[in-house]
Amino acid sequence: MTAVDQTWQARRTVGPLVQTVVHTATLLRSWSRDPGIVVQSVAFPAFMLLMFQLVFGKSVTALGSGESVYGNTGLVALVGALYGTIATAMTLIAERDSGLLSRMWTLPVSRWGFIAGRLTAEAVRTGLATIILFAVAATMGFRFEQGVASAFGAWIVPMIFAVGVAAPVIALATVASGIQSVQLLGGVFLFLLFFNSGFAPVSEYPGWLQPVVRNQPMSPAIDAIRGLTEGGAVAGPLVATIVWTIGLLAVFGPLAVRGYRRASQGS
Amino acid sequence: MTATLVAAQTQTPRRSVGLVSATATLAGQKISAAVRGGDAVFAMLSPIVFFLCFYVPLHRRFEVAGGDYAQFLMPIIFLQTGIFTAITATEVAGADARAGVRERLMSLPIPRIAPILGRMVWIVARMCLAICGGLIVGFSLGFRFHGSAGETIGFLLLVVVFGLALSLLTDAAGTVAASSLAVASLLMIPQLILIMASTGLVPAASFPGWIQPFVRNQPLSVFADALRALSTGADLDPTAVICWAVGLLVAGGIAAIAVARKQATR
């Protein structure tokens, strides 16, 4: 033992689990203070559910594919995940440009832990927003008809979805030159929002478009939430949701990690 | 003393720039910034995207009861574009305020009103781009002007006036707000309520009874009904829509003047 070791504590690596928890908690605290993120992930979805029910509630229920509130609640929970991710991506760009990422990069932590922390934070943010949304939906006739275990499942589905969509958004945000391209992604998400099995029954879309509507990432997740609350098929939609998330992570996860590395090293 | 006098004599006297040329320069700068930043493309694409997003899933359901959904939907798409233009105006004015552009412009010998006029010229241009985009998609799916030439001009004018009047208000809000981005994201909620709970997407009768009085009489329904009457050539009492349009313009003008005065006496 040398003298240095006795006066200085040795610099030790932080375990990935501790790092993920700390990073997640940091992100969640800073997001909770950003009015843009709070509006996009909590307030806007709540109002959107209210409006969808008011405007389309009667006519969707009349089409005979179940009570409209179940499809709309599933849809809007996912909308909160989608647009909340865009809002958090804006803060990621700000963190990159202000040099915060570069400073964190010098810490003795594992590299992928940053992405893990961010994805966990997205999942927790979505989970919290979903609880609030379910409470709002309950005032409009939304009930957990299938019991407690299924209710828990319905709460988990938006979180799985959030992890999947966050990967491409993070990958884009780390390489984007400005916030414009991320906002452009908001335009793409608009199509996802209107062309799915929750906004209108799939039979309402033109025939050639129906396979796309039925299989885009939001539709299986909406069907799974509907199945776990109102009743109906669960296994198929749930598997499709998980496959979408794994696929998005497999394709965009490495890109996000590489983008994160590049953004942190400032090159 | 003498030195300054000599300097004054040799320099060209500082002359003030006329309102038209100052406004044209500032408007040109805003327009080229929007073209470079991609907002010009955005302005033209957004009515197309929204039209398709509402038309494709909803038109079958609507047309079961008779009627043409493209004809019905067109007005609210233009009104929504007007609101989004106004939300963009918040961010543009806020960016100018943060970057100190306004302070520097105030030191120039230009009319005090030229900067806001310049921004509003871009707003009018943006609305015209949006009308082009909207009419392309509307016409290809069955929207037509059935009224007289005068009514068609009235339709287009009313759309531009709506966007302009709202933008005057939000321009003032963006100039004074601490965070114009937060204002812009907060404005999304009244936008959502006014667009959805109006007679623009579905007729008032498809709403629950308790909210129908609001749906029938809120300003967006007033504008949507007037635009629909102008495009189909139907008769409609224009008093309400004229009151709203003039009222919004006056409110926007007062807000712009109030903000300008506050800035000048700072």
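The values are calculated or read from the model by the stated rules, or taken from the named source; none is laboratory data. Because the structure is predicted, anything quoted here is derived from the model rather than measured. We place every Cβ from the backbone using ideal geometry, glycine too, and count neighbours over all the protein chains shown. What goes into the accessible areas is simple: the full protein's heavy atoms, side chains included, and nothing from ligands, DNA or RNA. Shrake-Rupley method; radii C 1.70, N 1.55, O 1.52, S 1.80 Å.
List the DSSP H helices in chain A whose Cα atoms stretch 27 Å or more along the helix axis and whose mean Kyte-Doolittle hydropathy is at least -0.5.
A:68-98, A:112-138, A:148-175, A:235-265
With all protein chains in place and ligands, DNA and RNA left out, the 1.4 Å accessible area ranks B:His146, B:His59 as B:His146, B:His59, largest first.
Using every pair of separate Cα atoms, the Kirkwood estimate puts the hydrodynamic radius of the protein assembly as shown at 25.6 angstrom.
Kindly identify the stretch B:149-266 as rounded, prolate or oblate by the Cα gyration tensor criterion: order the square roots of the eigenvalues as a ≥ b ≥ c, call it rounded if a/c is under 1.5, otherwise compare a/b with b/c, prolate if a/b is larger, else oblate. Can you show the working numbers first?
Values: a/c = 2.67, a/b = 1.52, b/c = 1.75.
In terms of gyration-tensor shape, oblate.
In the stretch A:35-65, which residues become less accessible by 40 Å² or more once every protein chain is in place, relative to the chain on its own, using a 1.4 Å probe? Correct list: A:Val39, A:Phe44, A:Phe47, A:Met51, A:Leu54, A:Val55, A:Phe56, A:Lys58. Connecting C-alpha atoms closer than 10 Å in a GNM of chain A, tell me which of A:Ala77, A:Ala162, A:Ala87 has the biggest fluctuation. Result for chain A, Cα springs under 10 Å: A:Ala87 fluctuates most. Remark: spin-label model distance B:Val246-A:Ile131 equals 5.4 nm, labels positioned 7 Å along the Cα→Cβ axis.
Using 0.36 nm times the number of residues separating B:Ile153 and B:Ala205, minus their current alpha carbon distance, what extension gain do you get? Difference between extended and current length: 15.7 nm. Here the label points at A:Thr106 and A:Lys58, each 7 Å from Cα along the C-beta direction, are separated by 6.5 nm in the simple model. Just to confirm my numbers, what's the Cα centroid distance between the stretch A:1-77 and the stretch B:190-256 in Å? With the stretch A:1-77 and the stretch B:190-256 each reduced to a Cα centre, they are spaced 36 Å. Full extension of the chain segment joining B:Glu103 with B:Gln218 gains 37.5 nm, where the gain is 0.36 nm per residue of separation less the Cα-Cα distance. Determine the distance separating the Cα centre of the stretch A:118-139 from the Cα centre of the stretch B:60-103; give it in Å without decimals. Result: 29 Å between the Cα centres. B:Tyr55 sits with roughly 20 Å² accessible to a 1.4 Å probe, with DNA, RNA and ligands left out of the calculation.
Between A:Ala10 and A:Ser203, what is the FRET efficiency for a Förster distance of 51 Å, r being their Cβ-Cβ separation, to the nearest 0.05?
Values: r = 66 Å, r/R0 = 1.29.
In this case the efficiency is close to 0.20.
Solvent-accessible surface (1.4 Å probe) assigned to B:Thr199 amounts to roughly 10 Å². With all pairs of separate Cα atoms included, the stretch A:224-264 yields a Kirkwood hydrodynamic radius of 12.0 Å.
Using a 10 angstrom cutoff on alpha carbons, build the Gaussian network for chain B and name the most mobile of B:Ala226, B:Ala172, B:Ala33. Residue with maximal mean-square fluctuation among B:Ala226, B:Ala172, B:Ala33: B:Ala33.
Of the accessible area of chain B, computed with a 1.4 Å probe over protein heavy atoms only, carbon and sulfur atoms account for 71 percent. Rounded to the nearest 10 square angstrom, B:Leu45 shows an accessible area of 90 square angstrom against a 1.4 Å probe.
Note on chain A: with a GNM built from Cα contacts shorter than 10 Å, the maximum mean-square fluctuation among A:Gln210, A:Gln53, A:Gln180 falls on A:Gln180.
With the other protein chains left in place, how much accessible area per residue, in square angstrom, belongs to the stretch A:51-202 at a 1.4 angstrom probe?
On the way: 5190 Å² over 152 residues.
Result: 34 Å² of accessible area for each residue.
Over chain A, dividing the summed -39,500 (n - 2.57) contributions of all DSSP H runs of at least 4 residues by the number of residues returns a 222 nm mean residue ellipticity of -25000 deg cm²/dmol.
Comparing the full protein assembly with the isolated chain (1.4 Å probe, heavy atoms, ligands and nucleic acids excluded), the residues of the stretch B:176-191 losing at least 40 square angstrom of accessible area are B:Ser185, B:Ile189.
Summarised in one figure, the compactness ratio Rg/Rh of the stretch B:104-162, Cα atoms and Kirkwood Rh, is 1.21. Ranking B:Cys243, B:Cys128 by solvent-accessible area of protein heavy atoms (1.4 Å probe, all protein chains present), from largest to smallest, gives B:Cys243, B:Cys128. With the helix formula -39500 (n - 2.57) applied to DSSP H stretches of n ≥ 4, chain B reaches a computed 222 nm mean residue ellipticity of -26500 deg cm²/dmol. Using the Cβ-Cβ distance between A:Arg214 and B:Thr12 with R0 set to 60 Å, the FRET efficiency works out to roughly 0.25.
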